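One structure is given below, encoded as C-alpha coordinates.
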Amino acid sequence: MWQHGSLMTTSPLLMIPGPTPVAPEVLAALAEPVRSHTGPENAATMLRIQAGVRELMGSAQARVYCFAGSGTLAMETALINHASPGERVIVVSHGYFGDRFTEVARALGMRAETLHVEWGEHADAAALRELILAGAAPALVCMTHVDTSSGVLAECAALAATVRAASPDAVIVVDGVCATGGVEETMDAWDVDVLLTGAQKALSVPPGLVVLAVSERARSRRELLGDIHAYYADLRRWDASVDDPRKYFSTHAVSLLRALEVSLDGILAEGLPARYERHRRVAGMVRDGMAELGFAPLTNAACLAPTLSVLALPDGVDDAALRAGMTERGVVIAPCLGPWAGKGVRIGHMGTVTEAEAARTIDAAAAAIAAHA
Ligand code: PMP
(Lines give C-alpha, C1' and ligand atoms only; values in the text may rest on other atoms or scores of the structure.)
Protein backbone atom coordinates (compact mmCIF):
# COMPACT_ATOMS: atom_id res chain seq x y z
CA MET A 1 0.00 0.00 0.00
CA TRP A 2 1.02 3.59 -0.58
CA GLN A 3 2.35 5.59 2.31
CA HIS A 4 2.13 9.36 2.16
CA GLY A 5 5.56 10.80 1.39
CA SER A 6 7.04 7.42 0.55
CA LEU A 7 8.43 6.18 -2.75
CA MET A 8 7.40 2.61 -1.90
CA THR A 9 4.28 1.65 -3.77
CA THR A 10 2.46 -1.36 -5.11
CA SER A 11 0.18 0.49 -7.51
CA PRO A 12 0.33 3.96 -9.02
CA LEU A 13 -2.05 6.66 -7.86
CA LEU A 14 -4.21 7.72 -10.80
CA MET A 15 -4.52 11.48 -10.67
CA ILE A 16 -5.45 11.70 -14.34
CA PRO A 17 -8.92 13.10 -15.05
CA GLY A 18 -10.35 9.60 -15.49
CA PRO A 19 -10.19 6.75 -15.02
CA THR A 20 -9.96 7.53 -11.30
CA PRO A 21 -9.01 5.45 -8.24
CA VAL A 22 -11.61 2.88 -7.24
CA ALA A 23 -12.48 2.16 -3.60
CA PRO A 24 -11.65 -1.30 -2.19
CA GLU A 25 -15.33 -2.15 -1.63
CA VAL A 26 -16.06 -1.39 -5.28
CA LEU A 27 -13.12 -3.53 -6.43
CA ALA A 28 -14.41 -6.27 -4.11
CA ALA A 29 -17.81 -6.09 -5.82
CA LEU A 30 -16.06 -6.73 -9.15
CA ALA A 31 -14.57 -9.90 -7.69
CA GLU A 32 -17.96 -11.37 -6.72
CA PRO A 33 -19.13 -14.38 -8.72
CA VAL A 34 -20.68 -13.41 -12.04
CA ARG A 35 -24.48 -13.30 -11.99
CA SER A 36 -27.10 -14.12 -14.55
CA HIS A 37 -27.90 -11.05 -16.62
CA THR A 38 -31.62 -11.90 -16.40
CA GLY A 39 -31.64 -13.08 -12.80
CA PRO A 40 -33.30 -11.41 -9.81
CA GLU A 41 -30.02 -10.24 -8.19
CA ASN A 42 -28.96 -8.26 -11.25
CA ALA A 43 -32.50 -6.93 -11.66
CA ALA A 44 -32.44 -5.60 -8.09
CA THR A 45 -29.04 -3.99 -8.75
CA MET A 46 -30.35 -2.28 -11.87
CA LEU A 47 -33.42 -0.90 -10.14
CA ARG A 48 -31.25 0.45 -7.32
CA ILE A 49 -28.92 2.04 -9.87
CA GLN A 50 -31.88 3.73 -11.56
CA ALA A 51 -33.07 5.17 -8.24
CA GLY A 52 -29.56 6.20 -7.20
CA VAL A 53 -28.83 7.92 -10.50
CA ARG A 54 -32.12 9.86 -10.33
CA GLU A 55 -31.15 11.09 -6.88
CA LEU A 56 -27.61 11.94 -7.98
CA MET A 57 -28.77 13.76 -11.10
CA GLY A 58 -31.57 15.64 -9.37
CA SER A 59 -34.48 14.18 -11.28
CA ALA A 60 -37.72 12.70 -10.02
CA GLN A 61 -38.96 11.80 -13.50
CA ALA A 62 -35.99 10.83 -15.67
CA ARG A 63 -35.76 7.38 -17.18
CA VAL A 64 -32.32 5.90 -16.49
CA TYR A 65 -30.50 3.74 -19.03
CA CYS A 66 -27.25 2.05 -18.07
CA PHE A 67 -25.36 -0.27 -20.38
CA ALA A 68 -21.89 -1.31 -21.47
CA GLY A 69 -19.91 1.33 -23.33
CA SER A 70 -17.79 4.44 -22.88
CA GLY A 71 -18.71 8.10 -22.55
CA THR A 72 -18.52 8.58 -26.30
CA LEU A 73 -21.24 5.96 -26.79
CA ALA A 74 -23.38 7.91 -24.33
CA MET A 75 -22.88 11.06 -26.45
CA GLU A 76 -23.71 9.20 -29.67
CA THR A 77 -26.76 7.60 -28.05
CA ALA A 78 -28.02 10.98 -26.82
CA LEU A 79 -27.78 12.43 -30.31
CA ILE A 80 -29.05 9.58 -32.47
CA ASN A 81 -32.17 9.08 -30.35
CA HIS A 82 -33.29 12.70 -30.35
CA ALA A 83 -32.51 14.21 -33.76
CA SER A 84 -32.72 12.99 -37.34
CA PRO A 85 -30.08 13.33 -40.05
CA GLY A 86 -30.38 16.80 -41.60
CA GLU A 87 -31.76 18.41 -38.44
CA ARG A 88 -30.07 21.40 -36.83
CA VAL A 89 -27.97 20.73 -33.73
CA ILE A 90 -26.30 23.48 -31.70
CA VAL A 91 -23.18 22.65 -29.71
CA VAL A 92 -21.76 24.86 -26.99
CA SER A 93 -18.10 23.86 -26.94
CA HIS A 94 -15.81 24.67 -24.05
CA GLY A 95 -13.03 22.53 -25.48
CA TYR A 96 -12.02 19.16 -26.88
CA PHE A 97 -15.04 17.22 -25.59
CA GLY A 98 -17.51 19.89 -26.67
CA ASP A 99 -15.99 19.64 -30.14
CA ARG A 100 -16.60 15.89 -29.98
CA PHE A 101 -20.37 16.57 -29.88
CA THR A 102 -19.98 18.44 -33.17
CA GLU A 103 -18.03 15.55 -34.68
CA VAL A 104 -20.60 12.98 -33.52
CA ALA A 105 -23.50 15.08 -34.84
CA ARG A 106 -21.79 15.45 -38.24
CA ALA A 107 -20.95 11.74 -38.36
CA LEU A 108 -24.67 11.10 -37.87
CA GLY A 109 -25.55 13.46 -40.74
CA MET A 110 -26.96 16.23 -38.54
CA ARG A 111 -26.33 19.92 -39.30
CA ALA A 112 -24.13 20.88 -36.39
CA GLU A 113 -23.37 24.52 -35.60
CA THR A 114 -20.88 25.19 -32.83
CA LEU A 115 -20.53 28.08 -30.43
CA HIS A 116 -16.76 27.92 -29.96
CA VAL A 117 -15.90 29.30 -26.54
CA GLU A 118 -12.33 30.45 -25.96
CA TRP A 119 -10.50 27.75 -23.99
CA GLY A 120 -10.68 28.43 -20.27
CA GLU A 121 -13.64 30.82 -20.47
CA HIS A 122 -17.41 30.58 -19.97
CA ALA A 123 -19.83 30.66 -22.88
CA ASP A 124 -21.63 33.91 -23.51
CA ALA A 125 -25.38 33.27 -23.10
CA ALA A 126 -26.26 36.17 -25.44
CA ALA A 127 -24.08 34.67 -28.18
CA LEU A 128 -25.82 31.32 -27.69
CA ARG A 129 -29.24 32.96 -27.97
CA GLU A 130 -28.16 34.75 -31.16
CA LEU A 131 -26.87 31.54 -32.72
CA ILE A 132 -30.08 29.66 -31.86
CA LEU A 133 -32.29 32.41 -33.30
CA ALA A 134 -30.17 32.75 -36.47
CA GLY A 135 -31.68 29.61 -38.02
CA ALA A 136 -34.40 26.98 -37.77
CA ALA A 137 -35.37 25.81 -34.30
CA PRO A 138 -32.64 23.31 -33.31
CA ALA A 139 -33.63 19.73 -32.53
CA LEU A 140 -30.85 19.51 -29.96
CA VAL A 141 -28.58 21.78 -27.98
CA CYS A 142 -25.53 20.04 -26.49
CA MET A 143 -23.13 21.24 -23.82
CA THR A 144 -20.42 19.77 -21.60
CA HIS A 145 -20.75 20.35 -17.87
CA VAL A 146 -17.02 20.05 -17.21
CA ASP A 147 -14.79 20.00 -20.27
CA THR A 148 -11.89 17.74 -19.31
CA SER A 149 -9.57 19.56 -21.71
CA SER A 150 -10.03 23.16 -20.57
CA GLY A 151 -11.06 22.55 -16.96
CA VAL A 152 -14.12 24.78 -17.34
CA LEU A 153 -17.23 24.22 -15.27
CA ALA A 154 -19.98 25.40 -17.63
CA GLU A 155 -22.86 27.49 -16.34
CA CYS A 156 -25.39 24.82 -17.28
CA ALA A 157 -28.36 26.29 -15.41
CA ALA A 158 -28.04 29.68 -17.12
CA LEU A 159 -27.26 28.18 -20.53
CA ALA A 160 -30.22 25.81 -20.32
CA ALA A 161 -32.51 28.70 -19.37
CA THR A 162 -31.25 30.63 -22.39
CA VAL A 163 -31.93 27.68 -24.67
CA ARG A 164 -35.41 27.13 -23.22
CA ALA A 165 -36.34 30.78 -23.74
CA ALA A 166 -35.03 30.88 -27.31
CA SER A 167 -36.18 27.45 -28.41
CA PRO A 168 -38.75 25.91 -26.04
CA ASP A 169 -38.89 22.47 -27.69
CA ALA A 170 -35.15 21.87 -28.05
CA VAL A 171 -33.87 18.73 -26.40
CA ILE A 172 -31.01 19.85 -24.16
CA VAL A 173 -28.17 17.35 -23.76
CA VAL A 174 -25.57 17.76 -21.03
CA ASP A 175 -22.37 15.72 -20.96
CA GLY A 176 -21.66 15.04 -17.30
CA VAL A 177 -18.77 12.64 -17.89
CA CYS A 178 -16.26 14.74 -15.92
CA ALA A 179 -18.84 16.17 -13.51
CA THR A 180 -21.53 13.74 -12.34
CA GLY A 181 -20.80 12.73 -8.77
CA GLY A 182 -18.25 15.51 -8.25
CA VAL A 183 -20.33 18.64 -8.69
CA GLU A 184 -24.02 19.31 -8.26
CA GLU A 185 -26.34 18.54 -11.17
CA THR A 186 -30.07 19.13 -10.98
CA MET A 187 -31.62 17.89 -14.15
CA ASP A 188 -35.23 18.79 -13.31
CA ALA A 189 -34.44 22.24 -11.92
CA TRP A 190 -32.29 23.05 -14.97
CA ASP A 191 -34.94 21.61 -17.30
CA VAL A 192 -32.30 19.54 -19.05
CA ASP A 193 -33.46 16.55 -21.12
CA VAL A 194 -30.53 14.17 -21.30
CA LEU A 195 -27.79 14.03 -18.71
CA LEU A 196 -25.16 11.50 -19.65
CA THR A 197 -22.06 10.18 -17.97
CA GLY A 198 -19.59 7.31 -17.83
CA ALA A 199 -18.55 5.16 -14.89
CA GLN A 200 -14.87 6.04 -14.78
CA LYS A 201 -14.63 9.53 -13.37
CA ALA A 202 -16.42 10.99 -10.35
CA LEU A 203 -18.59 7.87 -10.05
CA SER A 204 -15.41 5.99 -9.06
CA VAL A 205 -16.05 2.79 -11.04
CA PRO A 206 -13.73 1.29 -13.67
CA PRO A 207 -14.47 2.32 -17.28
CA GLY A 208 -17.12 0.45 -19.22
CA LEU A 209 -20.60 1.75 -18.37
CA VAL A 210 -22.68 4.54 -19.87
CA VAL A 211 -25.43 6.18 -17.88
CA LEU A 212 -28.11 8.31 -19.49
CA ALA A 213 -30.98 9.98 -17.68
CA VAL A 214 -33.69 10.98 -20.14
CA SER A 215 -36.62 13.39 -19.62
CA GLU A 216 -40.23 13.01 -20.74
CA ARG A 217 -39.64 15.69 -23.40
CA ALA A 218 -36.76 13.69 -24.85
CA ARG A 219 -38.76 10.47 -24.73
CA SER A 220 -41.57 12.12 -26.72
CA ARG A 221 -38.97 13.22 -29.28
CA ARG A 222 -37.70 9.65 -29.49
CA GLU A 223 -41.25 8.45 -30.18
CA LEU A 224 -41.66 11.03 -32.96
CA LEU A 225 -38.49 9.86 -34.71
CA GLY A 226 -39.83 6.31 -35.21
CA ASP A 227 -37.20 3.93 -36.58
CA ILE A 228 -33.63 5.22 -36.32
CA HIS A 229 -30.34 4.03 -37.81
CA ALA A 230 -29.10 2.40 -34.63
CA TYR A 231 -29.66 -0.91 -32.91
CA TYR A 232 -27.65 -1.28 -29.67
CA ALA A 233 -27.81 2.50 -29.16
CA ASP A 234 -31.57 2.66 -29.83
CA LEU A 235 -33.04 3.53 -26.43
CA ARG A 236 -36.44 2.14 -27.44
CA ARG A 237 -34.90 -1.32 -27.66
CA TRP A 238 -33.69 -0.99 -24.06
CA ASP A 239 -37.04 0.20 -22.70
CA ALA A 240 -38.51 -3.19 -21.75
CA SER A 241 -35.38 -4.09 -19.78
CA VAL A 242 -35.40 -0.72 -18.01
CA ASP A 243 -38.94 -1.40 -16.79
CA ASP A 244 -38.19 -5.02 -15.93
CA PRO A 245 -34.45 -5.75 -15.80
CA ARG A 246 -35.10 -9.49 -15.99
CA LYS A 247 -36.03 -8.97 -19.64
CA TYR A 248 -33.26 -9.55 -22.16
CA PHE A 249 -32.22 -7.10 -24.82
CA SER A 250 -28.42 -7.35 -24.74
CA THR A 251 -26.28 -8.97 -22.04
CA HIS A 252 -25.73 -6.58 -19.17
CA ALA A 253 -22.23 -5.84 -17.86
CA VAL A 254 -23.34 -7.51 -14.61
CA SER A 255 -20.08 -7.12 -12.66
CA LEU A 256 -19.67 -3.45 -13.54
CA LEU A 257 -23.30 -2.82 -12.67
CA ARG A 258 -22.77 -4.39 -9.26
CA ALA A 259 -19.69 -2.16 -8.83
CA LEU A 260 -21.74 0.91 -9.75
CA GLU A 261 -24.43 -0.09 -7.25
CA VAL A 262 -21.83 -0.29 -4.47
CA SER A 263 -20.22 2.98 -5.52
CA LEU A 264 -23.57 4.78 -5.62
CA ASP A 265 -24.33 3.47 -2.14
CA GLY A 266 -21.05 5.05 -0.98
CA ILE A 267 -21.76 8.31 -2.79
CA LEU A 268 -25.23 8.66 -1.28
CA ALA A 269 -23.99 7.60 2.17
CA GLU A 270 -21.32 10.30 2.07
CA GLY A 271 -24.13 12.74 1.25
CA LEU A 272 -24.16 14.83 -1.90
CA PRO A 273 -23.51 18.22 -0.26
CA ALA A 274 -20.58 16.76 1.73
CA ARG A 275 -19.22 15.08 -1.37
CA TYR A 276 -19.34 18.24 -3.45
CA GLU A 277 -17.77 20.19 -0.62
CA ARG A 278 -14.94 17.62 -0.43
CA HIS A 279 -14.35 18.04 -4.17
CA ARG A 280 -14.10 21.82 -3.78
CA ARG A 281 -11.78 21.47 -0.79
CA VAL A 282 -9.44 19.00 -2.48
CA ALA A 283 -9.39 21.08 -5.68
CA GLY A 284 -8.34 24.10 -3.62
CA MET A 285 -5.65 22.10 -1.89
CA VAL A 286 -4.20 20.82 -5.20
CA ARG A 287 -4.21 24.32 -6.69
CA ASP A 288 -2.67 25.94 -3.61
CA GLY A 289 0.03 23.28 -3.33
CA MET A 290 0.86 23.40 -7.01
CA ALA A 291 0.87 27.23 -6.93
CA GLU A 292 3.71 27.02 -4.42
CA LEU A 293 5.64 25.06 -7.05
CA GLY A 294 4.89 27.72 -9.67
CA PHE A 295 1.89 26.18 -11.43
CA ALA A 296 -1.06 28.49 -12.23
CA PRO A 297 -4.42 27.45 -13.72
CA LEU A 298 -4.71 27.88 -17.47
CA THR A 299 -8.46 28.08 -16.84
CA ASN A 300 -9.93 31.47 -15.92
CA ALA A 301 -10.29 31.66 -12.11
CA ALA A 302 -14.05 32.28 -12.47
CA CYS A 303 -14.58 29.08 -14.46
CA LEU A 304 -12.64 26.45 -12.48
CA ALA A 305 -14.18 22.97 -12.19
CA PRO A 306 -13.87 21.14 -8.87
CA THR A 307 -13.07 17.81 -10.56
CA LEU A 308 -9.77 18.62 -12.27
CA SER A 309 -7.11 21.29 -12.54
CA VAL A 310 -5.47 22.33 -15.78
CA LEU A 311 -2.22 23.99 -14.78
CA ALA A 312 0.41 25.91 -16.76
CA LEU A 313 3.96 24.65 -16.32
CA PRO A 314 6.41 26.97 -14.59
CA ASP A 315 9.33 28.20 -16.70
CA GLY A 316 11.99 25.54 -17.14
CA VAL A 317 9.72 22.59 -16.28
CA ASP A 318 9.23 20.18 -19.15
CA ASP A 319 5.83 18.52 -19.52
CA ALA A 320 7.03 14.99 -20.40
CA ALA A 321 9.91 15.04 -17.89
CA LEU A 322 7.62 16.16 -15.08
CA ARG A 323 5.05 13.48 -15.80
CA ALA A 324 7.74 10.80 -16.10
CA GLY A 325 9.32 11.95 -12.83
CA MET A 326 5.97 11.84 -11.07
CA THR A 327 5.15 8.42 -12.50
CA GLU A 328 8.48 7.16 -11.11
CA ARG A 329 7.23 8.43 -7.75
CA GLY A 330 3.94 6.58 -8.13
CA VAL A 331 1.61 9.40 -9.23
CA VAL A 332 0.18 9.55 -12.74
CA ILE A 333 -1.08 12.86 -14.16
CA ALA A 334 -2.13 13.77 -17.70
CA PRO A 335 -0.83 16.05 -20.45
CA CYS A 336 -2.88 18.92 -21.87
CA LEU A 337 -4.84 18.62 -25.09
CA GLY A 338 -5.44 20.74 -28.20
CA PRO A 339 -4.08 24.30 -28.11
CA TRP A 340 -2.76 23.75 -24.57
CA ALA A 341 -0.72 20.62 -25.40
CA GLY A 342 2.83 21.02 -24.02
CA LYS A 343 1.90 24.15 -22.04
CA GLY A 344 0.57 22.46 -18.96
CA VAL A 345 -0.67 19.35 -17.19
CA ARG A 346 -4.05 18.08 -16.08
CA ILE A 347 -4.57 16.71 -12.59
CA GLY A 348 -7.81 14.90 -11.81
CA HIS A 349 -9.15 15.14 -8.26
CA MET A 350 -12.52 13.50 -8.28
CA GLY A 351 -14.38 10.47 -7.02
CA THR A 352 -12.67 8.95 -4.00
CA VAL A 353 -9.77 11.43 -3.99
CA THR A 354 -9.12 13.14 -0.63
CA GLU A 355 -6.56 15.46 0.92
CA ALA A 356 -4.17 12.50 1.34
CA GLU A 357 -3.98 11.89 -2.42
CA ALA A 358 -3.72 15.63 -3.08
CA ALA A 359 -0.74 15.78 -0.70
CA ARG A 360 0.93 12.81 -2.38
CA THR A 361 0.49 14.43 -5.76
CA ILE A 362 2.02 17.73 -4.64
CA ASP A 363 4.91 15.88 -2.96
CA ALA A 364 5.56 13.85 -6.11
CA ALA A 365 5.56 16.99 -8.26
CA ALA A 366 7.95 18.75 -5.87
CA ALA A 367 10.29 15.76 -5.78
CA ALA A 368 10.22 15.29 -9.56
CA ILE A 369 11.06 18.95 -10.11
CA ALA A 370 13.80 18.92 -7.47
CA ALA A 371 15.36 15.83 -9.07
CA HIS A 372 15.64 17.63 -12.41
CA ALA A 373 16.82 20.96 -11.02
N1 PMP B 1 -16.91 13.80 -22.35
C2 PMP B 1 -16.01 14.21 -21.46
C3 PMP B 1 -16.25 15.47 -20.71
C4 PMP B 1 -14.87 13.44 -21.23
O5 PMP B 1 -13.95 13.83 -20.35
C6 PMP B 1 -14.68 12.23 -21.94
C7 PMP B 1 -13.48 11.35 -21.73
N8 PMP B 1 -12.39 11.87 -21.12
C9 PMP B 1 -15.65 11.87 -22.87
C10 PMP B 1 -16.76 12.66 -23.03
C11 PMP B 1 -15.52 10.62 -23.66
O12 PMP B 1 -15.61 9.51 -22.84
P13 PMP B 1 -14.90 8.12 -23.19
O14 PMP B 1 -13.45 8.36 -23.28
O15 PMP B 1 -15.31 7.24 -22.05
O16 PMP B 1 -15.48 7.67 -24.50
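The values are calculated or read from the model by the stated rules, or taken from the named source; none is laboratory data. Just so we're clear, the structure is a prediction, and the values are computed from it rather than from any experiment. With ideal geometry, Cβ positions are generated from the backbone for all residues, glycine too; neighbour counts draw on all protein chains shown. Calculation scope for accessible area: heavy atoms of the full protein, side chains included, ligands and nucleic acids excluded. Shrake-Rupley method; radii C 1.70, N 1.55, O 1.52, S 1.80 Å.
Give the angle, between 0 and 90 degrees and rounded to the nearest 10, that separates the Cα long axis of helix 254-270 from the longest principal axis of the Cα atoms of the chain.
Taking Cα atoms only, the helix is inclined about 70 degrees.
Just the number, please: carbon plus sulfur as a percent of the accessible area of the stretch 171-262, 1.4 Å probe, no ligands or DNA/RNA counted.
Values: 1530 of 3120 Å².
Carbon plus sulfur share of accessible area: 49 percent.
If you place +1 on the Cβ of every Lys and Arg, -1 on the Cβ of every Asp and Glu, and leave all else neutral, what size is the dipole of the stretch 137-215 about its Cα centre, to the nearest 20 Debye? Intermediate results must be reported in sequence, preceding the final value.
Working: 2 positive and 9 negative charges, 37 e Å.
Once rounded to the nearest 20, the dipole reads 180 debye.
Mind listing the phi-derived Karplus ³J(HN,Hα) values for the stretch 47-56, rounded to whole Hz, using 6.51, -1.76 and 1.60 with θ = phi - 60°, and x for any glycine or proline?
Couplings: 5, 5, 4, 4, 5, x, 5, 4, 5, 4 Hz.
Among DSSP bridges having both ends in the chain, what percentage is antiparallel? Round to the nearest 5. Write out the running numbers ahead of the final one.
Numbers: 23 of 44 bridges.
Given both bridge residues lie in the chain, the antiparallel proportion sits at roughly 50 percent.
Could you give each residue of the stretch 291-299 its phi-based ³J(HN,Hα) in whole Hz, using Karplus coefficients 6.51, -1.76, 1.60 with θ = phi - 60°, and x for Gly or Pro?
The phi angles translate into 4, 5, 8, x, 8, 10, x, 6, 6 Hz.
What does a probe at GLU55 reach in the stretch 323-365, counting residues whose amide N is under 19 Å from the point 7 Å along Cα→Cβ?
The answer is 351-352.
Could you work out how far helix 216-225 tilts from the main Cα principal axis of the chain, as a 0 to 90 degree angle to the nearest 10?
It works out to around 60 degrees.
For the chain, what does -39500 (n - 2.57) per DSSP helix run (n ≥ 4), summed and divided by total residues, give at 222 nm, in deg cm²/dmol to the nearest 500? Walk me through the intermediate numbers first.
Values: 13 runs with 155 residues, N = 373.
Roughly -13000 deg cm²/dmol at 222 nm, from the helical runs in the chain.
So if I place +1 on the C-beta of Lys and Arg and -1 on the C-beta of Asp and Glu, and nothing else carries charge, what would the dipole magnitude of the chain be about its Cα centre? I want it in debye, nearest 20. Walk me through the numbers on the way to the answer.
Values: 30 positive and 42 negative charges, 112 e Å.
Charge dipole of the chain: 540 debye, to the nearest 20.
For every other residue with a beta carbon closer than 10 angstrom to the beta carbon of ASP175, add +1 if it is Lys or Arg and -1 if Asp or Glu, then tell me the sum.
Numbers: positive: ARG100; negative: ASP147.
Cβ neighbours under 10 Å give a net charge of 0.
Could you tell me which of rounded, prolate or oblate describes the chain, using a ≥ b ≥ c as the square roots of the eigenvalues of the alpha-carbon gyration tensor, with rounded for a/c under 1.5 and, failing that, prolate when a/b is larger than b/c and oblate otherwise? Spell out each step's value before the answer.
Details: a/c = 2.11, a/b = 1.27, b/c = 1.66.
It comes out oblate by the Cα gyration axes.
Quick check for you: which residues of the stretch 68-101 have the amide N under 15 Å from the point 7 Å beyond the Cα of THR251 toward its beta carbon?
Answer for the stretch 68-101: 68-69.
With every protein chain present, what is the per residue accessible area of the chain (1.4 Å probe, Å²)?
Values: 14430 Å² over 373 residues.
On a per-residue basis, 39 Å².
If Lys and Arg each add +1 and Asp and Glu each add -1, what is the summed charge of the other residues whose beta carbon sits under 14 Å from the beta carbon of ASP99? Let's see the in-between values first.
Details: positive: ARG100, ARG106; negative: GLU103, GLU113, GLU118, ASP147, ASP175.
It works out to a net charge of -3.
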